[in-house]
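Below is one structure, written out as structure tokens; comments come after it.
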Amino acid sequence: MATRIRRLTTRRSPPKLLFLALLMLTPVCVIGLYNYGQKISYFFRPLWDKPPLPFRRLPHYYAENVSVEHLCRLHNWSIRSQPRRIFDNIIFSNELDLLEIRWHELNPYVSKFVIMESNTTFTGIRKPLFFASNRARFAFAEEKIVYGVFPGRIASPGSLKDPFVLESLQRGAMNGLLHSAGISNGDLVIMSDTDEVPSPHTLKLLQWCDGVPPILHLELKHYMYSFEFPVDYSSWRATVQIYTPQTRYRHSRQSDVIFSDAGWHCSFCFRSLEEFTLKMTGYSHADRVKRKAFLNYSRIQRIICRGDDLFDMLPEEYSFKEMIKKMGSIARSDSAVHLPSYLIQNADRFRFLLPGGCKRNIVQLK
């Protein structure tokens, strides 16, 4: 009987090996979650998140040498007697090359270029006023420029302030600047980031046609690092709106209607590695920089030429099928067709944005 009791007691005693295993595994799990928690979360996104409601897609008809009147009819719109004025409204950080391409492309159709920049990034890092110091570069559009400076906030070391708050304040300040530009009811206003560029023929169509939806999202072909790496047609935040007194500057979903194949979105399309690190640490998703090594110039250069992800993240998708489809490097394209005409006309200056031009300067050219 005594032997039986001893055996039962032994079985009920928790093994010391289990405690040792837990002690060893706990710090490993903590470190793993810290380093890979975001990746784990994104992998299981199809389980915990739901996709937004789908847009109602409007077909987009265009071909060279086809009259705008005929194109209006194809869209079930009517031709106007006079074109609407267009106000291009953007927040600017340091995308000087893309801004030059954007404004040259849109200049024939835009009445005012409304641009605001800040002396800090969204994360509170002090930065130069890049547009102000390079304004002479945009002399071709000087008479159309309405420029404003948003006083940023310098973040204290170790500050955990939400960068989206500062971004929202800066976008909100655009409303006053747009009003000072002289916009009126019935004018068209483009609301997009600098790197979200509507195609010129899209603007020409929208300014000449009546019957256009009052708020129209633009489906833009998405590229990463340059036009050598096309991703998909997932870019939707840019809008063209018919201005009313209730119009407010936003960079989020504002309607359920999207206009197909309406331009280009070139993310992280910078000339220098220095510009890459400024955006990586300064934009609202700077928390994706998990380690200082992410900002290593050699690493960034290698990633650009491979078409890999700067933040070592999984694709942001709502289904495992789409996630698996987009895993790995972006497929390189040798096509430079249907790109902004100013880019092609000045290909020697913007070689870094074209196929075969993945090598970058180290510092930003002033």
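So here's what we get for this one:
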quantity: Hey, LYS359 of a type in the set (D, E, K, R), touching an Asp or Glu at 6+ places or on another chain (Cβ under 7 Å), farther than 17 Å from HIS265 by Cα and not assigned by the TED database to the domain that holds LEU96 or not; calculated: no
quantity: Strands (runs of 3 or more DSSP E) contained in the stretch 170-262 and holding at least 1 residues at pLDDT below 95; calculated: 230-235
quantity: Among residues of the stretch 280-296, those that are open to solvent by 40 Å² or more (accessible area, probe 1.4 Å) and assigned to a helix (DSSP H, G or I), counted; calculated: 5
quantity: Test for ARG288: is it at pLDDT below 95, in contact with a helix residue (DSSP H, G or I) (Cβ under 8 Å, 6 or more places away or on another chain) and either assigned by the TED database to the domain that holds THR194 or among the charged types (D, E, K, R) (or both); calculated: yes
quantity: Selection count, the stretch 52-86, where residues are surrounded by 11 or more Cβ atoms within 10 Å (Cβ to Cβ) and within 20 Å of the chain's Cα centre (by Cα); calculated: 1
quantity: Residue tally, condition within 16 Å of THR202 (Cα to Cα) and open to solvent by less than 10 Å² (accessible area, probe 1.4 Å), over the stretch 106-126; calculated: 2
quantity: Residue within the stretch 340-353 that is closer than 18 Å to ASP232 by Cβ and in contact (Cβ under 8 Å) with a residue 12 or more places away in the chain present; calculated: no
quantity: Residues located in the stretch 268-279, provided they are part of a helix (DSSP H, G or I) and not aliphatic (A, V, I, L, M); calculated: GLU274, GLU275, PHE276, THR277, LYS279
quantity: Members of the stretch 298-330 found to be part of a loop (DSSP other than H, G, I, E, B), open to solvent by 30 Å² or more (accessible area, probe 1.4 Å) and without any contact (Cβ under 8 Å) to a residue 40 or more places away in the chain, listed by number; calculated: ASP308, ASP309, MET327, GLY328, SER329
quantity: Condition check for LYS127: in contact (Cβ under 8 Å) with a residue 40 or more places away in the chain, charged (D, E, K, R) and under 15 Å from GLU275 (Cβ atoms); calculated: yes
quantity: Boolean, GLN207 is of a type outside the set (Gly, Ala, Ser) and surrounded by fewer than 18 Cβ atoms within 10 Å (Cβ to Cβ); calculated: no
quantity: Residues that are aromatic (Phe, Trp, Tyr) and open to solvent by 30 Å² or more (accessible area, probe 1.4 Å), drawn from the stretch 212-242; calculated: TYR233, TRP236
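The values are calculated or read from the model by the stated rules, or taken from the named source; none is laboratory data. Remember, it's a predicted structure, so these values are computed and weren't measured experimentally. So basically every Cβ, Gly included, is an ideal-geometry build from the backbone, and we count neighbours across all protein chains shown. Ligands, DNA and RNA are excluded from the accessible area calculation, which covers all protein heavy atoms including side chains. Shrake-Rupley method; radii C 1.70, N 1.55, O 1.52, S 1.80 Å.
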